[in-house]
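Below is one structure, written out as structure tokens, with a few remarks after it.
None of the figures in this text is laboratory data; all of them are computed from the coordinates on show. Values in this document were obtained by computation on a predicted structure and should not be read as measured data. As a convention, Cβ positions derive from the backbone with ideal geometry for all residues, glycine included, and neighbour counts pool all protein chains shown.
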């Protein structure tokens, strides 16, 4: 069976239910676009009140059509939509686009209506796009199943950029901006209320299309975690760049998102981290989204991050050097020999990098050619960039300058070429024709190049990093809360390390255990019913002799009996007192959208004051765990500061990866895990969780 | 005497030395621009080889002119420039622009040449702009003293935007971008090598011009600290916005800046903080610089930060809500009554804020008018914004939409109006004509509006905050290093607090002092020759009885005698052991560019790992000190976290302000001050410096 989305984007034939004779109306625009856009398939307008619409034969009902169309566009009001969906189902239509608003976004009644419609379609095997969406288009086929006004004046050029957007208006805006930037579009899908097909599924389809090199995506949230992760993995594995605009960063934005659609927003920090995990670029602004998609549209990625900057003005060079450094690019100096060659040509030049040929070179274009040639042949740069400012806007200067630069870069066809300038469109296109990425703003160029480097790194992981091995689930106790000891036994089977502890039933046993472990020790109440031990003062630390252990053991047991008379007390945990290491916290949570995620941060004020934590979707491998660890601001503490040595970062990475595999294997049973603290010992000595709490799903649903 | 810069920008007459008959050459362009630009003053081409240039009478030498011109443009090579400057001096010219490169930026020889030229000019009272600059222009007078190619096709419109740039190419680029954005320019000054006039002086002049509302500035560093600070103060007091591009953020950028001009870069962090201190917006990108200048060019600033967002698409609304929150704007909800009114109009609308009238409103323009009217009359917003996306690019939709919105906003002419859309220039201008700020990108709009709010706050400080009172210098010891006790005595006179300490000469005296202070105590070696006490283990803390004090006192004195036999030991400081409070560090340093600055940060890992410190130029008042304190990431620690109470932030602010006044009063004598740590006690209990080190200028120059 052809993919359902295939029928939406490349139908052999399409019916337009609610076709209007007025080409300005919602039911009229798609017909006009289908006719004028050059679509070669069958088009069946449905309008019971007319014989023709816009000069085409019209049918009274879907049932009257000579064939079952692949897809149908439903341009009828909400009240008539259910009936139209029933008709599609009856006629054997494969997919349908529902334009109308007035469903789940309007409240309970609309939501019920939407649910009925979805149920009906599902039963019939009819896939739905929308409702409350702007439809789709596929410029290469001249297929425009949309009523967007952006096509009023001009259609969209086919090309390598896919667009998938929950918001129709935003998707249309992106297509419009892409067109202004000279970018062609492969497919355009807007998902609206996502009663059936969501952004994740559309994205997953798009990153499997040969003609698509980069996808601009927009979502307020996602519906299906597994499909979403699969889409991101597929994109990475296929070398397709995804540039994502996810809204709801701010509280007020998240509130607006919640009131706008039915999509769950989840935690923005988690979404952010997961996009990073899969090498997706999250755009902060629309301008950035277009800028980066533009860079990716060429489908060429740099082998490394070394950038050579050519300028005729020191000031510009410094600025781009700053921007490049901020974008993670390496503004490495020209080799000595190359610098000497440049100085021989141009005694006043700065030959290092940025190479500043000074305004003098503008009076002798050969100097520009020679400088650029020296840079691209001798510099060893992955990316070459020239800063031309407003120069190419000057009619007298533009052509000699262009010609001088093209002669220079011709010596090395391999590195990525880029330029910043403010120039008329024809000048811009003439540089693009020679393989140049052209930007007006240097900061936008630098951050786009930085994104290319990160995409390149991420695509390369497929061959370098093994995916995390699946973990067999560890049998959990039948039901109910788990004590610290139980949690530790389970997690030990998952490969995690804990201190050499003993469980003592009585104060006497506690003293015996302490003698065996060696002083000082820690005592902790152990009960599945006392998750937060400090609430009953159930922990005593740094106990240095037998008498103190006995006194404290008695006191803790007495307090537990008094304050939690119904708690099942398993005994007292006697543990060695570990003073060394760096305190971190590790946890597992279920994000409402992205499912099981692992959280990592430094303990104490770092997490409490600075919120210095990061996340990853489970499961993930060692390399990803290492990246995760390096991401927190306090990372230097683990590398060793103030004379302290390096901590056992490898053991910590192993712990995080193992925990993520465990969390994924038990995603249906376990709601959260807290390991707080995890003490990361000096290098070679491991990472040890001092406490462990596992909360089942059923517990938190109570 | 007229200001020298006045003669550069508005001369009654100008001589062009090195005038060329070829209007494309450096000596020809200015003549062409002066003729075609409509300059009404006298123009005297100087060219000994010709009788006329470009059809104008030419003179052989400055000496031959019928009058002394106000200013001269020197378009001759470096080798001929010195002579030309001599001629200007002899003829009584008031100011001169030196275009030629080949001076200080090329090395020692060029620097010497530049110095000779400057000395000569100074002697004659001749002010210089450049060398290695692109000159000036003043569009209102049609005066273009530049050879920039950006004027080839089109001159610059007069208007409210001043541009001052060290880099000629960057300044030209800004002028070009301003023109593209429809912004007029009041004055344009490029300073190049800044042999005489620098960006600071040019800026100081510009912010005193009535026709200038906002200045875009570019610098790699500044030459004259006092003029620079004066310029920033004047800008703030006159309500002129300054949007600053300062390069050299990154190490490689700073290196490139150093090799590019003679400007000292100073510390980028200090520069950044000082711009913030004076309410200057530091732009991170050129696009941002233009965007914010555009917002300021209207000269209208919002009274507060409440923004009302009108949209036809939920997705856009969420995005702008996110961007607004990030920019410090308050997306406060519509009053209840107004929400009900909107819902009555449009049952599917989201009436809160963003107000989403949904695409349905596009089919009934009256709904748009009513919604907008309700927002501007009932919302209480300081700024109104409408998100129109690509709608206004549609020829059928643009005019009805515009008209509907204009009718809506007409009900309230007072709030700031803004809109985001992607539309042809004429549509953009039609909105601007109605007082709208028009942006293509919502993020750019939001951050520009955020900048307007901050400018507004900063301008208002003039009336609300008294400037810091000057402090009379405290007499310092005649010369030489100062011990901790001496430093504390001096700083006590400046108003700072220290613990009740005693100086003991012998172990016996130390014990006596400890008994009087009460245990536990701290012992510290006191010597002007031992700045870093821990190097000789010269500190002992938490001493709890007489014997321990005696033992430690003996040991410290013995170590000092052994390890620093030549040190003048004043004795042992006996201080109470203060356990409470939050540990901070405070210091004074001399920035190589911006002079005496006060540094503040949290102690320990905050400063060591996170570099969580901030700066202010001295002197500053209490309000500025409060803002400084709130700026650090760890500020919540001072407000109280983990059950701890609020620290004495007021006392800390007083300490910082007092120290800044002291540092400014002694800026010629003192190089640095370290107060590490300063313990900020619980509210009402003060901020106490536990240690103090003052380093004189002569000490560090040794």
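The table below lists the values:
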quantity	calculated
Mean separation of Cα contacts under 8 Å, 6 or more apart, over the residue count of segment A:156-298: relative contact order %	24 percent
For residue A:429, label point 7 Å along C-beta direction: distances to other copies, nm	2.5
Highest to lowest packing among A:112-123, B:674-685, scored as the average C-beta count within 10 Å	B:674-685, A:112-123
Folded to 0 to 90 degrees: helix A:546-563 orientation relative to chain A principal axis, Cα	70 degrees
Protection proxy ranking, peptides B:664-672, A:315-323, A:173-181, average beta carbon neighbours within 10 Å, highest first	A:315-323, A:173-181, B:664-672
Neighbour-count ranking [beta-carbon atoms within 10 angstrom, fewest first] of A:100, A:505, A:148	A:505, A:100, A:148
For B:307-316, mean number of other protein chain Cβ atoms within 10 Å	5
Helix-only CD estimate at 222 nm, as mean residue ellipticity for the protein assembly as shown, using -39500 (n - 2.57) per DSSP H run (n ≥ 4)	-12000 deg cm²/dmol
Backbone N within segment A:67-110 under 19 Å of label point (7 Å from residue B:343 Cα along the Cβ vector)	A:102-110
Inter-copy separations for residue B:464, label at 7 Å along Cα-Cβ, nm, ascending	5.2
Calculated over the protein assembly as shown: convex hull of Cα atoms, volume per residue (Å³)	209 Å³
Mean separation of Cα contacts under 8 Å (6+ apart) over length of chain A, as relative contact order %	8 percent
Whether segment A:491-538 is rounded, prolate or oblate, judged on the alpha carbon gyration tensor where a/c under 1.5 counts as rounded	oblate
Angle between chain A longest axis and helix A:251-260 axis [Cα atoms, degrees, rounded to 10]	60 degrees
nm² value of the averaged projected area, convex hull over the Cα atoms of segment A:582-701	7.2 nm²
Burial ordering of B:611, A:230, fewest other beta-carbon atoms within 10 Å first	B:611, A:230
FRET efficiency for residue B:60 and residue B:6, using Cβ-Cβ distance with R0 set to 22 Å, rounded to 0.05	0.15
Over segment A:500-576: Kirkwood hydrodynamic radius from C-alpha pairwise inverse distances, Å	11.9 Å
Estimated FRET transfer efficiency (residue B:611, residue A:425; beta-carbon r; R0 51 Å; 0.05)	0.70
Label spacing, shortest first and in nm, from residue B:107 to its equivalents in the remaining copies (7 angstrom along Cα→Cβ)	8.1
Alpha-carbon centroids, segment A:280-327 and segment A:620-671: separation in whole Å	31 Å
Kirkwood hydrodynamic radius of segment A:395-510, Cα pairs, Å	20.9 Å
Rounded, prolate or oblate (a/c below 1.5 giving rounded, otherwise prolate when a/b exceeds b/c) for chain A by Cα gyration tensor	oblate
Estimated FRET transfer efficiency (residue B:683, residue A:49; beta-carbon r; R0 56 Å; 0.05)	0.10
Peptide B:318-330, shielding by other chains (average Cβ, 10 Å cutoff)	6
Dimensions (Å) - segment A:156-298, Cα atoms, principal axes, largest first	36, 30, 26
Centroid-to-centroid separation of segment A:186-247 and segment B:537-610 [C-alpha atoms, Å]	59 Å
Residues A:240, B:697, sorted so that the one with the fewest Cβ neighbours within 10 Å comes first	B:697, A:240
Cα-based helix-to-principal-axis angle, B:314-326 vs chain B, degrees rounded to 10	50 degrees
Order by protection proxy (mean Cβ within 10 Å, highest first), peptides B:269-276, B:420-427, A:597-604	A:597-604, B:269-276, B:420-427
Test item: B:412-422 mean partner chain Cβ contacts at 10 Å	1
Virtual spin-label span in nm between residue B:561 and residue A:122, 7 Å along Cα→Cβ	9.1 nm
Mean separation of Cα contacts under 8 Å, 6 or more apart, over the residue count of segment A:162-209: relative contact order %	45 percent
Rg/Rh for segment A:37-174, where both radii come from Cα atoms and Rh is the Kirkwood radius	0.96
